[in-house]
1. Provide a single number: the residues in segment 100-119 that are farther than 28 Å from Gln289 by Cα and without any contact (Cβ under 8 Å) to a residue 40 or more places away in the chain.
2. Give Arg242, Arg260 a once-over and let me know the one that is outside any loop (DSSP other than H, G, I, E, B) and within 17 Å of Val300 (Cα to Cα).
3. Would you please name the residue that is farthest from Ser26 (Cα to Cα), looking only at residues in segment 131-181 that are in a loop (DSSP other than H, G, I, E, B) and within 16 Å of ligand 2 (Cβ to nearest atom)?
4. For residues that are assigned to a strand (DSSP E or B) and either charged (D, E, K, R) or modelled with pLDDT under 95 (or both), tally how many sit in segment 69-108.
5. Take the residues in segment 51-68 that are over 17 Å from Gly163 (Cα atoms) and at pLDDT below 95; name whichever of them is surrounded by the most Cβ atoms within 10 Å (Cβ to Cβ).
6. From the residues in segment 226-242 that are away from ligand 1 (no atom under 12 Å from the Cβ) and either in contact with a helix residue (DSSP H, G or I) (Cβ under 8 Å, 6 or more places away or on another chain) or β-branched (Val, Ile, Thr) (or both), which one is nearest to Ser284 (Cα to Cα)?
7. Filter segment 230-251 down to the residues that are aromatic (Phe, Trp, Tyr) and surrounded by fewer than 19 Cβ atoms within 10 Å (Cβ to Cβ), then identify the one that is farthest from Thr277 (Cα to Cα).
8. With the requirement that a residue be modelled with pLDDT of 95 or more and within 14 Å of ligand 2 (Cβ to nearest atom), what does segment 230-248 give you?
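The values are calculated or read from the model by the stated rules, or taken from the named source; none is laboratory data. In this text the structure is predicted, and so the values were computed from the model without any measurement. Neighbour counts run over all protein chains shown; Cβ positions are idealised from the backbone, glycine included.
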Amino acid sequence: MKMKKTALLLALVMSLALLCSCARESTTTVYVMDTFAEITMYPKDKKTEERITEMLYDLEGELSATSGALSRINEAGGGETGEHTKALLALSEQYYKETNGAFSPYLGSLIELWGVGSKNHVPTEEELSGALSASVAENVERDGEKLVLKDGVRLDFGAIAKGYATDVIKSILEEEGTKGAVIFLGGNVYVHGTKPNGELYRVAIRDPKGNENDWILALELSNKFIISSGDYERYFEENGVRYHHIFSPETGYPAESDLRAICVIADSGALADAYSTALYVMGSRGAIQFWREHEGFELVLVGRDGTVTLTEGIGNNFIINNQKDYKYEVAKR
Ligand code: AMP
Ligand code: MG
């Protein structure tokens with residue numbers, strides 16, 4: 001399943017082949033946070049690379065809801081939290097409010113119940129209503145420095161942790177003065193600086209209907225996070241029904257979105273990650289409405305009906321690739 005998820009990543013960095021042919025850069029791949037992280041940078045720099053990989057393992061150790069410190073806090077109904085858990089919870093509370101609960105860090109019990117990609121269980125109505133009533137913000141309290149998780153609520157940062165990790169990577173790259181880098185962490189991409197020849201990096205958005213090398217649009221950017229959510233990233237099928245991993249916090253079922261995928265482009269990885277999940281849940285109309293009401297990010301929406309919508313702030317820095325299967329349009333403010 002893990003391999004499948006990796007193979008199905010939405011975004012792929014098109015300039016990578018070109019980049020890797022340059023003797024001055026290095027590319028490292030590590031398996032961490034349940035996915036592959038690919039770090040390409042120039043100039044070659046072992047120390048920065050090691051700082052990044054160590055930090056990713058630390059984050060995994062703290063934040064994994066299945067094996068990290070967070071899983072023990074969930075199991076014990078609370079406890080002392082580490083630095084990253086604290087920071088993520090604060091950010092998550094903010095995005096939970098902004099998205100009116102469409103992004104919710106309180107869904108751990110529901111996510112475990114379904115176990116998409118592990119036990120693959122379609123819950124009974126009774127199981128579902130139990131998990132849903134546990135999964136509310138009111139069940140999370142603080143006792144001084146300690147977190148108190150009441151009535152079965154469990155935290156899950158699966159929709160934001162990788163984006164947050166790319167924010168931390170960005171700050172390492174800045175501290176180390178790295179000139180150019182492409183960070184690829186699951187469906188999340190961060191492009192830093194420029195290519196060795198001074199050109200902008202190109203990030204391609206995959207065709208959810210095609211295979212790994214099919215793409216519908218490429219964006220040219222620098223110092224941006226490009227983060228995607230889609231129903232094909234992790235799912236299982238039972239009796240002909242496909243159950244994917246992005247849940248509607250209202251129904252407890254996989255969100256019935258008119259989108260196949262959504263891609264958020266922003267200056268913050270955590271924000272782009274949380275929004276990509278929330279806006280997938282909201283569907284195309286809700287997502288565009290949300291974009292009109294909020295500043296600081298742009299969107300590419302891939303609808304089930306074959307419409308690709310770009311928000312106008314993307315400007316002219318894109319290349320269209322598949323006008324046979326897709327209709328491209330621009331959303332205005
Ligand atoms: P992403 O790939 O960033 O959209 O995140 C999907 C992951 O976030 C899932 O595998 C769950 O762990 C978790 N998740 C699912 N639905 C939601 C939701 N509505 N709000 C927050 N986290 C969610
Ligand atoms: Mg997300």
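1. Residues flagged as farther than 28 Å from Gln289 by Cα and without any contact (Cβ under 8 Å) to a residue 40 or more places away in the chain within segment 100-119 amount to 3.
2. Of Arg242, Arg260, the one residue that is outside any loop (DSSP other than H, G, I, E, B) and within 17 Å of Val300 (Cα to Cα) is Arg260.
3. Of the residues in segment 131-181, the ones in a loop (DSSP other than H, G, I, E, B) are 135-136, 144-145, 150-153, 155-160, 177-179.
With the extra rule that they be within 16 Å of ligand 2 (Cβ to nearest atom), the set shrinks to 155-160.
Numbers: Leu155: 36, Asp156: 33, Phe157: 30, Gly158: 29, Ala159: 29, Ile160: 27 Å.
Across segment 131-181, the extreme among qualifying residues is Leu155.
4. Narrowing segment 69-108 to residues assigned to a strand (DSSP E or B): 78-80, 107.
Filter again for either charged (D, E, K, R) or modelled with pLDDT under 95 (or both), leaving 80.
Residues that pass the stated criteria total 1.
5. Gly68
6. Kept after step one, since they are away from ligand 1 (no atom under 12 Å from the Cβ), are these residues of segment 226-242: 226, 236-242.
Add one more test, that the residue is either in contact with a helix residue (DSSP H, G or I) (Cβ under 8 Å, 6 or more places away or on another chain) or β-branched (Val, Ile, Thr) (or both), and what stays is 226, 241.
Values: Ile226: 18, Val241: 22 Å.
The extreme case among them is Ile226.
7. Going through segment 230-251, the residues aromatic (Phe, Trp, Tyr) turn out to be 232, 235-236, 243, 247.
Narrowing further to those that are surrounded by fewer than 19 Cβ atoms within 10 Å (Cβ to Cβ): 232, 243.
Details: Tyr232: 13, Tyr243: 16 Å.
Here the answer is Tyr243.
8. Passing the criteria: His244, His245, Ile246, Phe247.
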